[in-house]
Each structure stands twice: as C-alpha cells, then as structure tokens.
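Heads up, the thing below is written out as structure tokens.
Read-outs throughout are calculated quantities, based only on the coordinates presented, and are distinct from any laboratory measurement. Everything numeric here is computed off the predicted structure, so don't read it as measured data. Cβ sites come from the backbone with ideal geometry, for glycine too, and all protein chains shown count toward neighbours.
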Amino acid sequence: MTADDTFWVTRLALAAWMLPVVSCVALLFIPSGLKKRVPLVSSSLLFLAFISSAFVFVSVWNNPSVVITWNWFTFNGMENNGQLRIDNLSALMLVVVNFISLLVHLFSSAYLHNDAGLKRYYAILGFFTFAMLGIVLSDNLFVTFFFWELVGFSSYLLIGHWREKPEAGAAATKAFLFNRIGDAGFLIGIGLLWAQFNSLHFETIAKATAATDPALLTWISLLLFCGVMGKSAQFPLSTWLPDAMEGPTPVSALIHAATMVAAGVFLMARIYFLFTPTALVVVSTIGSITALWGAFGALKALDIKKILAYSTVSQLGFMILGMGSGSFSGSILHLFTHAFFKACLFLSAGTIIHYLHGVQHKTHTHFDVQDIRNMGGLRQHLPYTFFAFLIAGASLSGVPLLSGFVSKEAILTQLYYTTQNGNTLGWLFLCIAFIVSFLTVYYTFRMTYFIFFGHCRIADVIQEAKAERLPLILTLPVSILAACSVWLIVSWNPSDFSGWIYNGLGNPVPHHLIITVISSIWVVLAFIFAYFNLRNKPRWSPIRFFPDLDVFYTVTLLKPLLQLSRYTLSFDKKWIDGSIHFAAYAQVTIAKAVMLFDRVLIDGAVNGIARLAGGIGSITRSLANGKIQSYILWATASLVIFILWILLS
Amino acid sequence: MQLSLTDQLQWIADSTSILVPELILVAGILSVILLNIFRVVHFRIYGAVAIASVTLSGLSVLLHWHTDPVSLFNHLLRADDFSSAYKLLFALGTLLTFLLSLSSGTSNKPAEYCSLLLTATLGANLLVMSTSFIMVILSLELISISTYVLAGFHFTKPGAEGSLKYFLFGSAATAIMIYGISLLFGLSGTLNFTSSEFVSHLIAQHSSLVMLSGFFILAGFLFKASAVPFHLWAPDVYEAAPLPVVAFLSVVPKLAGVAALLKFTLAINLFGQSFFDWQTVIAAVAILSIVVGNLSALAQKEAKRMMAYSSIAQAGFLMAAMAPLSLQSMQFMIFYSAVFLIMNFAVFTLLQQFETTYKTTSIHALAGLAKTALIPSVLLTMALIALTGLPPTAGFTAKLFVFSSIWEAFTGTGKSILLWLLLIGLLNTVISLFFYLKIPFYLFIRANTLTEPASAKSFTFTNLLGLVLVIALFVFFFYPALLMGWLNRINFVL
C-alpha cells in the first residue's frame, strides 16, 4: 500500500467512523418541523459511512494494517497515546456494523414512523454506531474501554426508548447494571495491565507478554474476560439480554444480535494473545454453559423476540466456546455470519409484529402479538417474510449451503483439532458443541413451525382486517440480509469454510471432511427428531431442564441482599438515627438548661448589677436636688464622715 | 532671711521677666477692657485679641521652657517643667474655648466674657506655679470669681441660679480651705509648703490636727476639680451655663485643681514620711468620684448634665492617675490630662454643633439625627468612645497607662486600696459605656419621632474643629510616643 493509499484509507476510515456521530449531532439541531425528514437525513449519512467503510475494506483487506497514533493527554509528564488500527479484523467489522446499522436505519423509518421520540431514537442510533465503531477501530485498551462504556450507555438509552413502559425502564437498568458488574472486572484487569506493562497499546503489550508470569496473565485475561461476559451476555451475566427485548425490534436486531453483544467476542479476538491455556479452559467452560443455557431458554420461551434473544445468547456462548480452541478465526467467522442471519431473523420478527399490530389496530382486538402460540399459517399472509425467515433460520440451524453451516463447521473443526492435540477436555467441549447445534435445530424448527405452518389461530381476525401488503422499506432490508445468509458470502465452496474471509483472520486451520459429513448428518437427524417430536405433542421435552437464572439470582442473591438491607435499615433507624436523635435531644436539653442558666444567673446578675447601679445612681443623683444649703450640708457632712472614718480607723 | 530693698527690687524685676506668659495674658485682659472703653461691639475683635494673647502666652511657655526650677517673688511661685506643661494645656484649652465661643456666634457683653475667661486662665497658670498657700488662695479665687460670673453668662433665671449656687458652694469650700491653711500655718510656721522647714516642722508634729487641716485644704482643690464630695455644684452649673463655658469649666479649672492638688499632696505627704497615709485618701476620693460620677450619669436625659457627671468621673480618673504618687504616674497624669482635654473639647464642640442646629441638647431629641447630620454624629460617636476608653482612640491609651501605673504601685506597695481602685476603675469603664453610648444609640438606632429635622450644614467650622480633635485622638492612639516622648523628658521637682 502506498503512502497515498494510507492517507485515503485513514481519512475514509475516520469518515466511516464519524459520519454516524455527525448524524447524531445534526439531529439534535434539526428543527422539530422537519421531523419527517429525520430518517432520510440519518440514513443518507449512514449510507455514506457504509460506502466509506466499503472502500476502506477493499483497500485494507489482506494489506498491512494502518495504525493511527495521537497524543491523547499528557499527565505528570507522561504521554498517553491513543491508537487506532485498521486491519482485516477492524475493516471487516467496520463494514458489518455500518451495513447492518444502515439497514436498521432504513427498517426503523417504517417500523417507528409514528413514534413520538423518533428524533431521539435516530440520534442515539447514530451515537451508538459511532461508539461501536470506536471499539472496532481502537488499538488501545483504554480507548476501547472508553467506547465500551459509551456503547453500554447508548444501549441503555435504546432499550429504554419507550420510556412510558415501566418494563422497558427496568430492562434498561438491568442491562446497565449487569454490564457494570462485568466492567468492574474489566477495569481491574486494565489497571493490572497498566501496572504490569505501563502501556495499554495492544501491540506493545503483545510484545511484552512473552516475558510475563503466566499465572499473572491468566488472572489479567480472566478479569478482562469479565467485561466480555457482561457485554456478550455470558453465563452468569446472561439474563439481561432476553429482558432487553423490551426495546424496539430494530434495536434488538442491531444491538442485541449483530453488534454490541458481538463486541465482547471481538474484544477477545483483539486481546487473544493474553489468554493462557488455563484461561482458555475457563473461557470454553463459560461458553459451553452459556450455549447450553441459551439453547434451553430458546426451547422454553414463547415470545418470538425472547426466543431469538435466547438463541443469540446460545450462539454467543458457542462463539466463546470456539474461542477456547486456540484460534479466534472460527468464532469471528461465526460472528460475521451470525450478524446477518440473526439480524434478518430479528427484522423478520419485527415485520411480523408490525403486521400483527396493524391487524390488531384495525380490528380492535387484543392478543399478545409476540406470542408464537397466537400465530400460525402466516406463510400465506407474509410470503416474503416467510422465505427470508426460512433462509435465515436454516442458516442458524446450520443447514448446508448456507453461511451458518460454514461458520459452525469452522468452530467444530477447530474444536476437533484440539482433541487431536491430546486435550481430553476438548472431547467434552466438542460434544457440547454438537448438543448445542442439535438444540438449535430443534428450537428453530419449533419457532418456524409455530409461526408459519399449520392452522392459523387468528385467521378470522386477519381476514377481517384485510391487511394490505407490507411496504418495501420493511421487506427490502430483510431480503438483503436473507441474501447475505448464503454460503457465497464466506467462500466459494459451500462445504469448505476456509474461504476468503476465514483465511484473512489470524491463524486458520485446514478444512476436515469428516466434520462436514458428520454435521450435515447431524442436522438432518435433528430435523427429523424435531418434526416428529413436535407433531406428536411430546411428553418428553427438553424444556424442563431449563434453569431460570433470574429465579436463582432472586433466591440466592437478591433475597439475602434485601434481607441484609432491611437489617441494616432497621439498624440504621434504631441505632444510628436513634443515637443522632438522642444526641439532638440531649443537645437541645443542654441548650435549654444553658439558656435557663443564662437567663436566670447571667442575665439576672447583669440586670441585677444594672439595677443596683441605677439604684445607687438615683441615690447619689438625689443629692443634687437643687437646694444649695443641702449641697453644702452634704459636702461638709461627708468631709466630717471622712475625717471620723480616718480618725477611728 | 531678710533681703535688702534693692535685692528685693532686683528679685521682683528678675521674676517678672520670667512671668512672660502670665504678663501676656494680663496684657490681653487689659487690651480687651480698653477696647470696651472704645465701645467696640464686635465679638470677633475681642475674640481675636483674646486668641492672640492666649496663643502668644502658650508660645512663650514653649519658648521659655524652664527645665531647671526657678523660684519667683520670694518663693511665692515657681516656674518648672510640671507647671509649664500644664500652662501649655491651659492655653490650649482656653484657645479651644474661644474658638468654640466664636463658632457659636454672638455673645452678650463680649468684653467681659473674654476678659473673664482670660482671667480664669491667668488664675489657673498661677495656681499650678504656686508654692505658697497665699498664692494658692489668691489664684484659686481668681479662677473662682471669674468662673462664677461666666457660669451665669446666659443671663437667664436658671443661669443666675446656677451661678449663685456655684458662688455659695465655692465660698463654703474656700472658707473650709482657708481654715485648714490657718491651722497648718500655725503648726508649721510657714506658708511655703515646698520649703524644708514646712516638712521638718510637720514631721515633728504627731497631732491629728495636721491630718485635719490637710483634709480642710483638700476641700478647695476638690471643689475646683469637682471631685466627690465637692461635686454637687457641677450638674446645676453645667446645665445652666453656656456651652463653651461648660467646656472650659470641665477642663481648665479642673486640671488646675488636680495639678495643684498633686503638689499639695506631695507636700502634705511629706515625701512619704508622713505618719498619715495621704495616698489612701487620694485613692478613696478617686474611687468615690468615679463611682458617683458614673452611676449618676446613667439615668441622665440631658447631654450637658450627663457631661457634668462624666466630668466628675473623669476627675476621679485624673486623681487615680495621680494616686501612685510616682514620677511615672505624674507623666501619665499629664498624658491623661492632655487626652482628656482633647476628648472633652471634642464632645462639647460636637454638642455645640447639635445645639446650634437643633436648639437642644436633650438626648431624646437627638433620636435619628444621624440621617440628617451624619458627620457630626460619627465624630461625636468617636469622641464618646474615646471618653469611654475604648480602642482605637487615645482615651484607651490614657486609661491603659493609668491602670498599668496603678497596678505597678499596687505590686510595689501592696496597698489593697490601690487594687480596689484598679478594679472599680475597670468596672466603671464598662458602666460608662451605657451612658456614653446612649447618645450614638439615639443618633443612629432610634427613629426620629418628632417632625422632620432641619437639614444641617455639614461643612461648618464647628465640624472642622471636631474633626481635628477626633483625628488627634486617633493619632495619639497610634503614636502615643508623640506625646509620651516629650513627657518623658520632663523632670518633676517639688
């Protein structure tokens, strides 16, 4: 790459990064009369950002990375630099984030066109995109942390967008607090890193890790992993994500499927060099628990968005599980494909909800529009959505010829290679990965079956509503995302994951035919099992194994905590307040006593002296009564008294 | 010791040349009387002549400063440091009186007024120089008779009444004093109380008659100083007399009386060899004066009458300054006298301003006048603070010196009466706050209940005079060395 290219790449990357925040600032100043133009303005800016990032991607891909360094602040004579890095990983994420953000911007214009807070919504959406891209571009852990927190904050605002809903507020708070717990560990890890290496630049640290005590590295990496657990909803900090579905559906598609939750996985790829084998075992364990928990949650859930949320948790766990294999390439590939098909699924769900809302509005009936039990046979009413959902769902399930199959195969292959290297725990993780993919097929089939097939449970209502066709602005993003769910996006060969993207990411492993065959068969088996199991109204269901973490947290943490706080409150009231009140009363009592003392004795003495002085004064004054004979009498008399006193003494 | 006629004539001629300040005053008196013969009516002309003679007299005191004592007229008088210092103060006091009189406007019978004031000053000058009882009586009467007349210079019924009371009371006091002098003359065989034979004869006498005659002579001085128990005339006279005369009475005769009392006390105490303790008597009189003056002043509603009691208390403080009977205490007494002169004149000057503007000196009538007459109100407040003895005024410095010298005397002699004097003096400083600050209280705090007061001119001569005096009070607070450095050079020889 020439210097000229570097110049343009840098400028375009900054444009791709800054245009969303320009949209945010522009919206803050837009007059309220132009409210209808808000989606147009911000979508145009996002489109420009997307074009820029596409150029950056094309220029940078498989070329040497570009690092931008600037002096952030100088403290105590010590320069603290911030670094940005544009390499394969960040360029890929730049495109994905901007692309999905653009589609979500477009989708939202129809989905939220009557919303009162439209301006605010688009502004925060732009701000979120900016913050997310900050994480993506950062080459310095402190810069990452900075945008990490901005992402958390904008996510909080977006989840609680419908502020009139108390559930939305609670969900936003919950998401924020869970992220705080993770970030506490993250911050301690950053502090340790700084203490150890005196730098937070990834490259500088990477060079220094070789000479560092592995035990310390394990601790640091696990503390940093806490942050990943919070953002990527890993067990046990996973329950906020299903609750976050209270936010608008496009937000769920952007933040809780494609970008923000992926930030954790992305960060792991950036700091992968810190993870020791011991730490990777912990990572894989957490990932497998999360993957299983999410899958069971998706089996149990009945709300369409919650199913997708649990599925996301499960898939994120799957990626983290894959991270334990010694290479992050497979997980990043899965992150890439997952971003498209999960966003597609969310937007399809959004389309369905939007459609049913319209029906509900026209017929003045009331039913839960997100409950899959109220749906069924919708394939006749929403054919485009059905096809998109089908493709994306198949991709999620890992059906061959689709992107999900390819990326899942990459993770499975990586896990398989670890077992070949003599890692006995690797077999356990591989088994769990297969179980998860089996369950994924099951819940995806169940969801699709309930929504689109069989008898329509609200057919008469839909008939009555005579709903018109969906607008193009809703179907177009869904269709594009569905198209992006095919294998071609990853590699030319539908059975070989090591295509052009996979080979561009870090340390790839070669393709293994056995895994391809086994996973294809495995998916088919899972479909057959699911079909028969669901048709026969099964007595056995995997659902009963689902542990409700929120109940568990409530029993183990919240209740004792509340009890403790009640104790401390009563202690506070009884003893602290009591002693303060007692002190206050004692003070007042003493003050009254002092006042009484003051009044009676001090004032009394003063007044008494004054009265005495006045009395004596009136006597001495009375001598001057105006009669000269008495004056002379008094004068001589006192002289005589004087003399007598002297003589007698 | 018999001198030849020529020697005596020579002595008279020599003595006369030393009496320049007094001769200037005499010339002033005579020229005022001569002017009256030529039917000059303008008060200002008389005033100018009188001021000229007083100023010249004061200047001649400064020019002919007698560091070494000189006896005059066969030991009738003596010129020394002590008397010169007081003569200077009398000249200043009289000068201020004339300025005050002139600023108050016209006067009835200006020639008589001026000549009488000058005569009283002449009497005061002679009194502090006296070494003989004859001279004491003569100069006391010179002061008394002229001030008897001056006290009635309003020519109203209360004025005449006050004047007559003053005269009768003064006559009684003088009578008692002359009786005491005659007794003492009989006991000592000499009228010169500074001579060695006076001392030696009295040391030989162990009779109570010495003490008795001493007490009788005290009466005359206490009457001049308006100290207890010969203070009763003061309120009536002060209330009825013209304000400049009151100012004069409260300073010049009082200081003359106290100064002469000091000389007499040192003599009768026989330089510490007396079997009778005169220090205790002085201290007792000081205590009584302070207590009676302050307590009586508390309930006064008339500013001039209040100032009468205040001056009784101040006489007490002057005597307290004298009480240690040491060289340093005399220096402090002169310091106190000078400061007392300034602050008393400051108060009377400003009261004069209120009297000319509002035709009253009733304290209640002063309510709320600070709004219309701010400058005199502020100045009067400062002068009263000085009289109370609070910083940052010279009144504080003067009282501090007095109290510290009393404390030293107490630690030196261990006489409990001195401790009592100190404690009562301190206590009375607090009590005096109540009546001194009553005037500022009415001026600033109380609302005016009467009709709209006439707006006063701020830039008057009286205000200027008051301002100068108040500034002097501040200057002597911050630089007491200006005065003390000069006083420290003074030698006191009796």
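Which value, in debye to the nearest 20, gives the size of the charge dipole of the protein assembly as shown about its Cα centre, when Lys and Arg are +1 and Asp and Glu are -1 at the Cβ?
2740
If each Cα of chain A is one equal point scatterer, what is log10 of I(q)/I(0) from the Debye formula at q = 0.09 Å⁻¹?
Relative scattering, expressed as log10 I(q)/I(0), comes to -0.77.
Please list, in chain and number order, the residues 5+ apart from B:E302 or on another chain whose amide H is under 5 Å from its amide H, with Hs placed from the backbone.
When sequence neighbours closer than 5 places are left aside, the close amide H contacts are B:I363.
Using the 2.2 N^0.38 Å rule of thumb for compact globular proteins, work out how the range B:277-494 stacks up: its C-alpha Rg over that value, please.
Ratio of Cα Rg to 2.2 N^0.38 Å: 1.07.
Cα extents of the range A:28-69 along the three principal axes, largest first, in whole Å?
Taking the Cα atoms of the range A:28-69, the three principal extents are 48, 22, 7 Å.
Kirkwood-based Rg over Rh for the range A:302-432 (C-alpha set), two decimals?
Rounded to two decimals, Rg over Rh is 1.11.
Taking the Cα centre of the range A:547-649 as origin, sum charge times position over the Cβ atoms of Lys and Arg (+1) and Asp and Glu (-1), and report the length of that vector in debye to the nearest 20.
The dipole magnitude comes to about 560 debye.
Exposure proxy check: A:I518, B:I312 ranked by fewest other beta carbons within 10 Å?
Starting with the residue having the fewest Cβ neighbours, the order is A:I518, B:I312.
Using R₀ = 41 Å, calculate the FRET efficiency as 1/(1 + (r/R₀)^6) where r is the Cβ-Cβ separation of A:W194 and A:R373; round to 0.05.
0.20
Report the calculated FRET efficiency for A:E164 and A:K362 (r = Cβ-Cβ distance, R0 = 25 Å), to the nearest 0.05.
0.65
Quick one: which of A:244-257, A:161-174 comes out on top by average Cβ neighbours within 10 Å, and what's the full order, highest first?
Highest-to-lowest ranking by the protection proxy: A:244-257, A:161-174.
Per-residue HN-Hα couplings for the range B:108-120, Karplus 6.51 cos²θ - 1.76 cosθ + 1.60 at θ = phi - 60°, whole Hz, x for Gly and Pro?
Going residue by residue, I get 6, 6, x, 5, 5, 4, 5, 5, 5, 4, 5, 4, 4 Hz, with x marking Gly and Pro.
Would you mind listing how long the range A:126-236 runs along its three principal axes, going by Cα atoms, in whole Å with the largest first?
The principal-axis extents, from largest down, are 55, 29, 18 Å.
Helix-only mean residue ellipticity at 222 nm, chain B, DSSP H runs n ≥ 4 weighted -39,500 (n - 2.57), per residue, nearest 500. What is it?
-25000 deg cm²/dmol
With viscosity set to 0.692 mPa s and temperature to 37 °C, compute the Stokes-Einstein D of the range A:32-161, Rh being the Kirkwood radius across alpha carbon pairs; µm²/s, no decimals.
The calculation lands on 204 µm²/s.
Find, to one decimal place in angstroms, the Kirkwood hydrodynamic radius of the range B:252-360, where the mean of 1/r is taken over every pair of different Cα atoms and then inverted.
Kirkwood hydrodynamic radius for the range B:252-360: 15.1 Å.
At a 10 Å Cβ-Cβ cut-off, how would you order A:V21, A:V406, B:V475, fewest neighbours first?
B:V475, A:V21, A:V406
Amide H to amide H under 5 Å from A:G454: which residues, 5+ apart in sequence or cross-chain, H placed 1.01 Å off N in plane?
A:G377
For the range A:116-164 and the range B:182-199, compute the distance between their C-alpha centroids and round to whole Å.
Result: 115 Å between the Cα centres.
From largest to smallest, what semi-axes in whole angstrom does chain B give when each is the square root of 5 times an eigenvalue of its alpha carbon gyration tensor?
Value: 35, 27, 20 Å, ordered largest first.
Would you calculate a helix-derived [θ] at 222 nm for chain A, using -39,500 (n - 2.57) for each DSSP H run of n ≥ 4 and dividing by the full residue count, to the nearest 500?
-23500 deg cm²/dmol
Hey, what do the phi angles of the range A:624-630 turn into as Karplus ³J(HN,Hα) couplings, whole Hz, using 6.51/-1.76/1.60 and θ = phi - 60°, x for Gly and Pro?
So the J values, rounded to whole Hz, are 7, 9, x, 9, 5, 5, 6.
In whole angstrom, note down how far apart the Cα centers of the range B:123-177 and the range A:415-429 are.
Using only Cα atoms, the two centres lie 132 Å from each other.
For A:F107, B:F335, B:F38, B:F185, which order do you get if you count the other beta carbons within 10 Å of each Cβ and list the fewest first?
B:F38, B:F185, B:F335, A:F107
Output ³J(HN,Hα) for the range B:203-216: one whole-Hz value per residue in order, computed from phi by the Karplus curve 6.51 cos²θ - 1.76 cosθ + 1.60 with θ = phi - 60°, and x for Gly and Pro.
Per-residue couplings from phi come out as 4, 5, 7, 10, 7, 5, 4, 4, 4, 4, 5, x, 4, 4 Hz.
What's the local net charge at B:L255, with K and R +1, D and E -1, over the other residues with C-beta under 15 Å away?
It works out to a net charge of +4.
Just grab the label-to-label distance for B:F478 and B:V40, each label 7 Å out from Cα along the Cβ direction, in nm (one decimal).
Each label point lies 7 Å from its Cα, and together they span 4.1 nm.
When the Cα centres of the range B:351-401 and the range B:289-349 are compared, how far apart do they sit, in Å?
Centre-to-centre distance over Cα atoms comes out at 16 Å.
Give me a single rounded figure for A:621-627: the average over its residues of other chain Cβ atoms within 10 Å of their Cβ.
5
Restricting things to Cα coordinates, could you compute the convex hull volume per residue of the protein assembly as shown in Å³?
Hull volume over Cα atoms, normalised by residue count, gives 312 Å³.
What aspartates and glutamates sit close enough to B:K224 to cross-link, taking a C-alpha to C-alpha distance under 18 Å and skipping anything fewer than 8 places away on the same chain?
B:E141, B:D236, B:E239
Which order do the peptides B:280-286, A:38-44 take when ranked by the mean count of other beta-carbon atoms within 10 Å per residue, highest first?
The peptides rank, most packed first, as B:280-286, A:38-44.
Determine the sum of side-chain charges near A:K627: Lys and Arg each +1, Asp and Glu each -1, restricted to other residues whose C-beta is under 12 angstrom from that of A:K627.
Local charge sum for A:K627: -1.
What ranking, highest mean first, results for peptides B:40-50, B:220-230, B:268-278 when packing means the other Cβ atoms within 10 Å averaged over each residue?
B:220-230, B:40-50, B:268-278
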